[in-house]
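First comes the structure, then the notes that go with it.
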Amino acid sequence: MRTKNQNTTVFKGGKVLKENNKNTKTLGSLKPNSQLTPQKKFQPGKLALKEIRKYQQTTDLVVRKAPFKRLVKNILQGFEKGDTFRFQQSSFTQLQTAYEYFMVSVLEDALRLTIHAKRKTLFGDDIKLIYRIKHARDFDVNMTN
């Protein structure tokens, strides 16, 4: 069920139009219920650049807290059966901060490798190579896939 102020999208003649259901008064007269305004379309890659700038300006965590907490608890269940672990909220925040810092450093190095290869596209193989060079002996994980 739609609410009074909910917006809908209308397709007309191949164009996407946004319909506002707001009743507004202008100079003593009422505008019609459906006022159509064209929805802004971005060029390919513009939204990605806008999102990058947004995340570069903030220091907030990017990974959501609940899925990260579930991941940590799931990993800890595999260590010892029968033991229960209890965490403070601040410890999860510190783990998440360290995880995001680690991921940013891996992606920065992979981007340097991509630029060195004179490409503009970051491949999964770049990340695997960086992981093998810098971090494989630390974690001893087989990443042959």
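General observations
- Boolean, F87 is among the aromatic types (F, W, Y), out of contact with any Lys or Arg (no Cβ under 7 Å at 6 or more places or on another chain) and in a loop (DSSP other than H, G, I, E, B): yes
To keep it simple, each residue is scored yes or no on (1) loosely packed, with under 10 Cβ neighbours inside 10 Å; (2) under 30 Å from V104 (Cβ atoms); (3) at pLDDT 85 or above.
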| residue | (1), (2), (3) |
| --- | --- |
| N20 | no, no, no |
| T26 | yes, no, no |
| S34 | no, no, no |
| Q39 | no, no, no |
| Q43 | yes, yes, yes |
| L49 | no, yes, yes |
| Y55 | no, yes, yes |
| D83 | yes, no, no |
| S91 | no, yes, yes |
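The values are calculated or read from the model by the stated rules, or taken from the named source; none is laboratory data. Keep in mind that this is a model prediction, so the values were computed, not measured. A quick note on method: Cβ atoms are made from the backbone with ideal geometry, for glycine too, and the neighbour counts reach across all protein chains shown.
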